[in-house]
Amino acid sequence: MASVDPAQFQGLSYRLVGHSRGGRVTTVTGVPSQPKTFYMGVASGGLWRTTNGGESWEPITDHKVPVGSMGSVAVADSDPNVIWLGTGSDGVRSNVSTGRGIYRSGDAGKSWEFRGLYNAGQIGAVRIHPTNPDIVWVAAYGDIFKPNNDRGVFKTTDGGKTWKKTLYVSDSTGAMDVELQPGNPNVVFAWMNRIERKPWSIISGSREGGFYKSTDGGETWQNLRGNGLPNELIGKGNIGVTAANPNRLYALVEALPGGGLYRSDDAGASWQMVNSTPGLITRPFYYTSLGTDPNNADVVFAGAETFYKSTDGGKTVTPFRTPHGDNHDIWINPNNSNTMVQSNDGGANVSFDGGKTWSSQDIQPTAEFYGVWLDNAFPYNLYMAQQDNSTYIVPSLNNVFNMASVRVGPGCETGPIIPHPSDENIVHGNCKGQYAVMNMKAGVTKNYWIGAQSLYGNDGGDLIFRMQRTTPMATSPHDPKVLYYGSQYLHRTRNNGASWEKISPDLTAFPKCCQGGSGQPITRDVTGEEFYSTLYAITESSLEKGVIWTGSNDGPFSVTRDDGKTWTRITPKGLGDGGRVAWIDASPHRKGSAYYATYRYLLGDYKPYIYLTNDYGKTWKLLTDGTNGIAADVPVRVVREDPVREGLLYAGTEFGLYVSFDNGGHWQPFNLNMPIIPINDIRVHKGDLVIATQGRAAWILDNIAPLQQIGPTTASAALTVFRPRDGYRTNVGQSYLGPTVDYYLSSAPADTVRIEILDAAGKTVNSFKSGVVPVQPPRRRGADDDPDESMMAGRGGVAAMASGPTLNLVTKNVGMNRFVWNVQHQNGLGAPPGQYTARITVAGQTQSVPLRVRIDPRLAADGTTEADLQAQFAHNVKMRDMVADVNALLARVRTAEQKYKGATGAAADTARQVKEVSEVVNTQPIRYGKPGLQAHITYLAGMTARADQKVGQDALERYTVLRQELEAVKAKLDRAIGPQRRM
């Protein structure tokens, strides 16, 4: 099957699991006339807006702008409905995502139009004419990974229909910033410099570029190098203007010599350095943040890891507290300087008191997760490392905004973090090349650093073991004690890191050109991100012990078939040198088969590269030629083969998710409701598709059984019912974990859709039909619920039970439909685990599929069996019948009491006997009155109906006693008023 009509995916949707702790935001702005409205451009997660001062945020470019990386956003002063958005984050760390041009909205973000500059790469600034929103200036870095001509300052006067490149220096020097003089848009300032990222280094600076000024609206420019500004090696710069003094300029400059904060009081004609505090220009390629107060020319904000504020024109600076370090942008409302929005690696934060207090960043699900690993808990957990935060353990059924449910693991922001396969208490972690293992119960992290060498600051070629910040780790599918770890060698431990063995030669290319320290020609920056010639991916075959595949960040593919004794270099012919092997997926279906996802955009090559071998790397097939579904300029980050359906592949790219149903012969988008963003990792786990993104946290496509079974006839058949995966009788996440019936309708039926649940004997357990909202059953109770609650009902006690778990409706939509049974019997009781059949009837056509309901694994772990729960159901049926009997008895008593009320003579003796029965059955009508037989019976019924459990011996014995008492009192009433007539 080459492809699937996307209409067949209708009804499928991803579920955001978060968490909600914010990620990197590189651009922010606000609306002066709307003091609670702000925008934040997430580095890889799209544009967001708040209209309530940061209490909540909403994405406004999802499925409208097909790019996640945000560079600069601006709102027109003359019309706040007009927004210009430059894509391509200007914080060019090693995992930066490229931009794809300029977009414009004329309705405050409801819709967007592409307005050109597709190849402009990263956008440093967008500025709008104060009275004409069709006149716009753009500072374009250009392609950050290679020389190109689409860089410099661009200007449009017709709303982006056409652009004029008005300032251009060379194919390597781009525009970092462009600013308009307040009150005079004919005066335009710009900063130009070379900035280029390589896999092994960051280049920021050259002897060309610097500060430029135009007095004719940016049509022509003058380079004002010198005049107090640096005049030799010039790196990244940022310019600040202020309406409080249009001639006052600030410039935060990377230079050698002369880096620091500069000020001009004559519109850029002359400059003076006012502050050289080192913290202002730390890692300038990534930060160089600068902001000014529009109402006070002496107030300026600048910084990097630390944010600084000056109130004396930059002469002195003091740290300015923000919710998170690594600062990128600030915007201050010109109508009130206390109103501001600021951004950093933790998100965006709003203040209405000048930065004394800030809005929360824990409401922005924009994390950059480098990868995701899963455990075998029920429900399972996601293990992920978040850029510039920490390692996190997130429940798969997480409430996105409930950070209290999220745990922190070993390692740090780089990860990875991997659960031990067989010991839930042990978690492996990594921090920038240093291994750690955590005992979760004790809260103790142990460090076992391979080589025990300090890694920061070293030239890559000088390291004993070259390890990237995001060092690859992998567990063995054959031995839970084995953990693999990558430097230029493959390392293995069998004792959680206490000792390591090297089991390979150098598996990298190790080109001599690229082993020095990163950062040139001005600022050295050696944090491990640019250590070249390291392993970057490790996978052991699940089908063959000792078959281990590796890939490096400088090109080579390798494999061992004898557990590391010998190795073979298997790099595909025709693949250029230097690419990064991001992930490897050893086929779960075929020995000797593996998929490699390699990207080369760090070298300026944006082609997609997914390779497949079926003979241990002797030969390779490229599954992405740029014409079979994934475009020629869409780099691939990860590929996985479905463990159930052979040849069903999932690919995560720089621009969203793709799926192939024919082993890579054809690809098609599979984003569904998930935004088009970089996909860092994909896992298929317990029948779910789990996605880790760069900029929008983690998502899960629950229960992909339909995807694994969809076929050529699905679209044409009136009804297709898919084989369900096993469901669970559980009190958590039943909508996701309960027994599920998926069915596809090629057209909407005129009559109802009916679903019947049958037991193993073919008897109807329950039935549902479309158009009817099922009655919600009582919830299954927890151990801390009050057992006396039911007895106190009607006597001033606790209210009735809370509502039960949500029941999915039976739907009859065109496309995919999903029904989740709540495992309730039509008699009102919870049905036990076991084998059932789901029978679906549509338009006279009936199909049946087996439906297996399993016990909650957490209960099974404590010794509870399915037989116990089946016995519980039988007991509860008897209890239900006894409750019905005692209620019927009580109704007869009340009728008799009315009939014989005030009776005399022989009838008085009957009234006395009825009263005696009533006193036995009824509870005294006072708070804490002596319970009657009815209360005792309902109390016992509640004892075994609150949770899935083995029925205790006391309950069984008590049932026998109460049944005998009930039969005795029924006989007494029969003797008094005669037996009940059977209808």
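Each reported figure results from applying straightforward, stated rules to the coordinates on display, with no laboratory input. Just so you know, these numbers come straight off a predicted model, no measurement behind them. No Cβ is skipped: glycine too gets one built from the backbone with ideal geometry, and neighbour counts run over all protein chains shown.
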Note, the range 445-451: 3J(HN,Hα) by Karplus (6.51, -1.76, 1.60, θ = phi - 60°), whole Hz, Gly/Pro = x, goes 10, 9, 9, 10, 7, 5, x
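Set the Förster distance to 45 Å, then compute FRET efficiency between Glu113 and Asn296 from the Cβ-Cβ distance, nearest 0.05.
Working: r = 38 Å, r/R0 = 0.84.
Efficiency, rounded to the nearest 0.05: 0.75.
With all distinct Cα pairs included, what does the Kirkwood hydrodynamic radius of the chain come out to in Å, to one decimal, could you say? Display every interim value, and only then the final one.
Details: mean 1/r = 0.0315 Å⁻¹.
One decimal place: 31.8 Å for the Kirkwood radius.
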For the chain, averaging the sequence separation of alpha carbon pairs under 8 Å that lie six or more residues apart and dividing by its residue count, the contact order in percent is 8
Helix 906-921 sits off the longest principal axis of the Cα atoms of the chain, rounded to the nearest 10 on a 0 to 90 degree scale, by 30
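Tell me the mean residue ellipticity at 222 nm calculated for the chain from its helices only (DSSP H runs of n ≥ 4, each -39500 (n - 2.57), averaged over every residue, nearest 500).
Values: 8 runs with 104 residues, N = 983.
Helix-only estimate at 222 nm: -3500 deg cm²/dmol.
Roughly how big is the chain's charge dipole about its Cα centre, with Cβ charges of +1 (Lys, Arg) and -1 (Asp, Glu), in debye to the nearest 20? The partial results should precede the final answer.
On the way: 97 positive and 92 negative charges, 469 e Å.
Dipole size: approximately 2260 debye.
Which of the three applies to the range 590-661, rounded, prolate or oblate, going by the alpha-carbon gyration tensor with a ≥ b ≥ c and a/c under 1.5 meaning rounded? Provide the component values of the computation, followed by the final result.
Numbers: a/c = 2.11, a/b = 1.40, b/c = 1.51.
Oblate, since a/c reaches 1.5 and b/c is not below a/b.
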If R0 = 60 Å, then Thr846 and Asn231, at their Cβ-Cβ distance, give a FRET efficiency to the nearest 0.05 of 0.10
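List, in the order given, every pair from Lys36/Lys64; Lys315/Lys356; Lys155/Lys309 whose Cα-Cα distance in the structure shown is over 29 Å. Provide the component values of the computation, followed by the final result.
Numbers: Lys36/Lys64 24 Å; Lys315/Lys356 22 Å; Lys155/Lys309 32 Å.
Correct reply: Lys155/Lys309.
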For Asn439 and Ser767, extending 7 Å from Cα along the Cα-Cβ vector and measuring point to point gives, in nm, a value of 6.0
For the chain, the charge dipole (Cβ of Lys, Arg +1; Cβ of Asp, Glu -1; about the Cα centre) points to a positive end, and the Cα of Thr627, Ile426, Tyr601 closest to that extreme belongs to Ile426
To the nearest 10 degrees, the tilt of helix 933-943 (Cα long axis) against the first principal axis of the alpha carbons of the chain is 30
Simple spin-label estimate for Lys878/Ser499, 7 Å along Cα→Cβ, in nm, reads 6.1
Within the under-10-Å Cβ sphere about Arg839, not counting Arg839, Lys/Arg +1 and Asp/Glu -1 give a net charge of 0
Note: Asn402 to Tyr456 extended length (0.36 nm per residue) minus current alpha-carbon separation gives 15.9 nm
Each label sits 7 Å from Cα toward the beta-carbon; between Asp615 and Glu646 the label points are separated, in nm, by 1.8
Note on the range 868-983: alpha-carbon gyration tensor, axes a ≥ b ≥ c; rule is a/c under 1.5 for rounded, else prolate if a/b larger than b/c, else oblate; result prolate
So Ser276 and Ala947, fully extended at 0.36 nm per residue minus their Cα-Cα distance, gain in nm 234.8 nm
Rounded to the nearest 10, the angle in degrees between the Cα long axis of helix 953-977 and the longest principal axis of the Cα atoms of the chain comes to 40
The range 730-770 scanned against label point 7 Å out from Gln870 along Cα→C-beta; backbone N under 13 Å for 759-762
So, over other residues within a Cβ distance under 13 Å of Asn193, counting Lys, Arg +1 and Asp, Glu -1, the net charge is -1
Cβ density ranking, 10 Å radius, fewest first, applied to His478, His875, His428 yields His478, His875, His428
Lys and Arg at +1, Asp and Glu at -1: neighbours of Val810 with Cβ under 15 Å from its Cβ sum to +2
Toy charge model, Lys and Arg Cβ at +1, Asp and Glu Cβ at -1: the range 862-927 dipole around Cα centroid in debye, rounded to 20, equals 560
Expressed in angstrom and rounded, the centroid-to-centroid distance over alpha carbons for the range 62-118 and the range 448-514 is 40
Between Arg590 and Val732, the FRET efficiency computed from the C-beta separation at R0 = 30 Å comes out, to the nearest 0.05, as 0.25
Per the rule of 0.36 nm per residue minus the C-alpha distance, extending Arg858 to Asn81 adds in nm 274.4 nm
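How would you rank Asp605, Asp345, Asp881, going from fewest to most other Cβ atoms within 10 Å of each one's own Cβ? Display every interim value, and only then the final one.
On the way: Asp605 16, Asp345 27, Asp881 12.
Ordered from fewest to most neighbouring Cβ atoms within 10 Å, Asp605, Asp345, Asp881 come out as Asp881, Asp605, Asp345.
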Within the range 409-505, DSSP-loop chymotrypsin sites (Phe, Trp or Tyr not before Pro) with at most 15 other C-beta atoms within 10 Å are Tyr456
Expected vector for the range 619-629, Karplus 3J(HN,Hα) from phi with 6.51, -1.76, 1.60 and θ = phi - 60°, integer Hz, x for Gly and Pro, equals 9, 9, 10, 7, 8, 9, 9, x, 10, 10, x
